[in-house]
Amino acid sequence: MAAISYLIAPVESAPRYGLDHEFPVDSPEFLTTLAGATGVPFTTGNRIDLLNNGDEFYPAMLEAIVSAQTSITIEAYIYWEGEVGRQFAQALADKARSGVSVKILLDAVGSASIGDEILKTLESGGCQVAWYNPIRWYTIGRFNHRTHRKSLIIDGRVGFTGGAGIADQWLGHAQDSDHWRDIQIRIEGPAVTPLQTGFAQNWLERTAELVSGPAYYPVFATTGPHAALTIMSSPVTGASTVRTMYYLSIICARRAIYIANPYFVPDAAAIETLIEAKKRGVDVRVMVSGLDNDSWLSRQNSVRLYGRLLRAGIEILEYSRTMLHQKTMVVDGIWATVGTTNFDNRSFAHNEETNVCFYDPRLIEQLEQTFLADVRDCTRVELAAWEKRGLWAKSQEFVAAFLQEQV
């Protein structure tokens with residue numbers, strides 16, 4: 001039991017002190033504090049596009065692959081067998097045959113069901129495929145450390161990241177329970193470099209190959225009007241930079257916090273910061289995946305924690321059309337983040353994650369309007385109904401609570 005506890009224990013913990021709110025998110029102090037606390041500078045001259053559902057982001061990603069001139073790198077938690085997987089594999093293999101360097105790093109747990117057909121297509125085409133933290137007896141001390149990133153980087157200049165993996169679940173436009181709701185972000189400009197750096201560090205760890213040179217790290221000219229901060233979070237550092245970004249954004253909010261996240265399992269510090277924001281008069285809304293949820297453990301732990309938030313007046317919205325999978329936050333209508341990070345301990349303390357943050361009125365309004373449009377497909381959780389949930393529901397939550405640190 002001691003050995004198991006050691007192996008599954010998080011190596012990172014939430015901050016307990018310094019969670020004050022002396023300055024708003026639109027102040028210079030917020031920007032300098034966030035850059036200093038995360039160790040990531042803001043970059044200017046970027047172009048950022050928000051892409052809703054597979055009908056928008058898969059064609060854009062495949063088009064980018066076809067346009068590649070020198071390099072393609074992928075870091076993926078999910079790459080599953082199916083129509084989308086075969087389509088991407090063929091496109092990647094074709095580019096590798098044309099002389100483009102194609103390197104693909106797959107999580108050994110998340111992408112275990114990729115299938116032999118796709119792997120043969122990739123490898124026979126000349127793509128390099130490596131596995132992140134495969135489960136072996138000699139890696140048992142690291143088996144709980146996964147890469148949850150979803151990054152596609154073209155020529156070191158164009159990058160995609162967000163909630164979606166490469167699988168048929170993301171096809172379409174979230175039209176039914178078999179097709180998930182998600183958001184990806186396309187970045188062009190210097191904010192792509194941290195994505196490449198995150199890939200390169202993990203690729204070096206797994207293959208001993210250094211990724212370097214202008215094919216991967218080009219010199220950038222100004223490509224767009226957007227300033228962005230790209231956070232690559234890792235438990236190896238001992239402190240989750242994405243958690244820091246989330247908490248600082250919440251404590252500096254003054255008007256509204258809109259969080260969309262499928263696996264919402266806040267720790268005690270997060271619950272307190274959200275409740276304090278509500279007490280300050282902030283409109284706090286949290287959108288989560290409802291009954292269409294691929295994680296029983298996460299769902300039970302999330303519902304178990306609704307009580308204090310609901311009593312404080314925080315609005316909890318369960319998406320009811322299909323599985324909601326995007327990970328976004330909009331604060332005060334002027335600051336936002338899109339990424340791979342779930343609002344739970346697994347993403348904060350165990351996983352390699354990516355989030356892109358930005359200021360821009362047009363982008364923020366687009367993301368905010370997307371959130372509000374999704375509200376129409378949500379069921380609002382009422383405190384009275386939550387308090388009346390039955391013994392069977394509470395029993396499941398009680399069991400799930402023992403593994404809260406793993407979700």
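Taken together, the values in this text are just the output of simple stated rules run on the coordinates, not laboratory data. Source: prediction; values computed, not measured. Methodologically, a virtual Cβ is constructed for each residue, glycine included, from the backbone with ideal geometry; neighbour enumeration extends over all protein chains shown.
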Just want the answer: with Cβ charges of +1 for Lys and Arg and -1 for Asp and Glu, which residue in Ala35, Val211, His173 is farthest toward the dipole's positive end in the chain?
Ala35
In order through the stretch 75-91: 3J(HN,Hα) via Karplus (6.51 cos²θ - 1.76 cosθ + 1.60), integer Hz, x for Gly, Pro:
10, 9, 6, 10, 9, 10, 5, x, 4, 5, x, 5, 5, 5, 4, 5, 5
Rounding to the nearest 10 and keeping the result within 0 to 90°, find how far the Cα-based axis of helix 53-67 lies from the longest principal axis of the chain.
30 degrees
Pop out the ³J(HN,Hα) list for the stretch 346-359 in order, Karplus 6.51 cos²θ - 1.76 cosθ + 1.60 with θ = phi - 60°, rounded to Hz; leave Gly and Pro as x.
4, 5, 6, 10, 10, 10, 7, 9, 9, 9, 10, 10, 7, 10
Per residue of the stretch 300-312, what does 6.51 cos²θ - 1.76 cosθ + 1.60 with θ = phi - 60° give for ³J(HN,Hα)? Whole Hz please, x for Gly and Pro, Karplus curve as stated.
5, 5, 5, 4, 4, 9, 5, x, 4, 5, 5, 5, 7
How big is D for the stretch 104-252, in µm² s⁻¹ as a whole number, if Stokes-Einstein is applied with the Kirkwood radius of its Cα pairs at 10 °C and 1.306 mPa s?
90 µm²/s
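Ranked highest first by average number of other Cβ atoms within 10 Å, how do 314-320, 93-99 line up? It would help to have the intermediate numbers written out before the result.
Numbers: 314-320: 20.9, 93-99: 16.4.
Top to bottom by mean Cβ count within 10 Å: 314-320, 93-99.
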Sort out for me the Cα centre separation of the stretch 89-158 from the stretch 213-258, rounded to whole Å.
24 Å
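Starting with the fewest neighbours, write out Glu209, Glu276 ranked by other beta-carbon atoms found within 10 Å of each beta-carbon. Each step should come with its number before you reach the end.
Working: Glu209 12, Glu276 17.
Fewest to most other Cβ atoms nearby, the residues stand as Glu209, Glu276.
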Just tell me which lysines come within less than 17 Å, Cα to Cα, of Lys327; anything on the same chain fewer than 8 places away is out.
Lys150
Cβ-Cβ FRET estimate between Arg308 and Ser124, R0 fixed at 56 Å, reported to 0.05
0.55
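What per residue convex hull volume, in Å³, comes out for the chain when only alpha-carbon positions are used? Please report the intermediate quantities before stating the final value.
Values: hull volume 55.4 nm³, N = 407.
Spelled out: Cα convex hull of the chain, divided by residues, is 136 Å³.
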Test item: Cα-centred dipole of the chain, Lys/Arg +1 and Asp/Glu -1 on Cβ, debye:
660 debye
